[in-house]
Every structure is written in C-alpha cells, then in structure tokens.
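Engineer: One structure is given below, represented as structure tokens, and several questions about it will come after.
The values are calculated or read from the model by the stated rules, or taken from the named source; none is laboratory data. Given the structure is predicted, the values throughout are model-derived calculations rather than measurements. Here Cβ is always computed from backbone atoms with ideal geometry, including for glycine, and neighbour counts include all displayed protein chains.
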C-alpha cells in the first residue's frame, strides 16, 4: 500500500456504506496506519446518497484530501460526485448491475492540473462541478 492512500465508498443509504467504511478504517488502524475518515450523507430520514472516505498514511493525517486512489461505486451518482477527485491512476470498483462505466471519462493529470490552475485564477474557488456538488449537499 502507498505511504498515503485515499479510498472512498458511496451508494444509497442502507447499502452498508457506513459499516464498510468503519470496518476498513478500523482494519487499517489495527495494522498500525494513521487514519482519518469523513462521512457524506443527505439530510433525509431514509434513502439518499451517502459516502465514506478514508485517508490512511504511515504519517499522522488530520484531514481527507480531494484525490482518490480507490473509489467503490455502488451507484452512478457515486462516480458523478467524486469525478473531480479521480486521477489517471485511480481504480474504480463498481456494481455492474447498478452502474455502467461506458459514459465515464476519467480526467488525466493534465485535466486535473488545468482545473487547479483555473481554480487559482478564480481566487481558489472550486470548479463548477464541485460547486454544484456542494450546493446539492447544502454546504
């Protein structure tokens, strides 16, 4: 495993997202790695999109980062919500019965660098996609 590794799982509430994230984080911690987790969920009593992100490192970590090495996508929305955090070396594990990859285009490093430069020119504001994603979450 890389010295710094970023992982996320996402799907509908009730798919076991929270349990999966907690178990993975606990296993990493028991293996002696530093772990930081973040949960994302819709403000609904039942149903809706939910995600769990885990950052693990050999060094102390105090936040998650906007870069995913592995994404476990149980729904198409998981890919849409995290597209701007994927990079050329990212791995996507998905449920073939609920998600297809035929329309997904993973940004390469050049695209990612271009988006970062555009954000810097806008005064550090997030990309339009990221802004829409945050607005849907009510942030």
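Engineer: Would you pick out the residues in the range 25-36 that are part of a helix (DSSP H, G or I) and either in contact with a strand residue (DSSP E or B) (Cβ under 6 Å, 6 or more places away or on another chain) or within 20 Å of residue 86 (Cα to Cα) (or both)?
Structural biologist: 25, 28, 29
Engineer: How many of the residues in the range 78-91 are farther than 16 Å from residue 50 by Cα and surrounded by fewer than 18 Cβ atoms within 10 Å (Cβ to Cβ)?
Structural biologist: 5
Engineer: Taking the criterion of being closer than 15 Å to residue 6 by Cβ and over 15 Å from the mean Cα position of the chain (by Cα), would at least one residue in the range 66-89 satisfy it?
Structural biologist: no
Engineer: Only one of 53, 39 is assigned to a strand (DSSP E or B), modelled with pLDDT of 95 or more and in contact with a strand residue (DSSP E or B) (Cβ under 7 Å, 6 or more places away or on another chain); which?
Structural biologist: 53
Results for (1) within 23 Å of residue 13 (Cα to Cα); (2) modelled with pLDDT of 90 or more, shown as yes or no for each residue.
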{"position": "46", "(1), (2)": "yes, no"}
{"position": "59", "(1), (2)": "no, yes"}
{"position": "77", "(1), (2)": "yes, no"}
{"position": "99", "(1), (2)": "yes, no"}
{"position": "118", "(1), (2)": "no, no"}
{"position": "121", "(1), (2)": "no, no"}
{"position": "125", "(1), (2)": "no, no"}
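Engineer: Among the residues of the range 1-24, how many are in a loop (DSSP other than H, G, I, E, B), within 17 Å of residue 95 (Cβ to Cβ) and either in contact with a helix residue (DSSP H, G or I) (Cβ under 8 Å, 6 or more places away or on another chain) or touching a residue at least 24 places away in the same chain (Cβ under 8 Å) (or both)?
Structural biologist: Of the residues in the range 1-24, 3 are in a loop (DSSP other than H, G, I, E, B), within 17 Å of residue 95 (Cβ to Cβ) and either in contact with a helix residue (DSSP H, G or I) (Cβ under 8 Å, 6 or more places away or on another chain) or touching a residue at least 24 places away in the same chain (Cβ under 8 Å) (or both).
Engineer: In addition: Looking at the range 56-69, which of its residues are farther than 22 Å from residue 83 by Cα and in a strand (DSSP E or B)?
Structural biologist: Listed by number, the list holds a single entry, 57.
Engineer: Residues that are buried (at least 20 other Cβ atoms within 10 Å of the Cβ) and in contact (Cβ under 8 Å) with a residue 40 or more places away in the chain: does the range 58-66 have at least one?
Structural biologist: No: the range 58-66 contains no residue that is buried (at least 20 other Cβ atoms within 10 Å of the Cβ) and in contact (Cβ under 8 Å) with a residue 40 or more places away in the chain.
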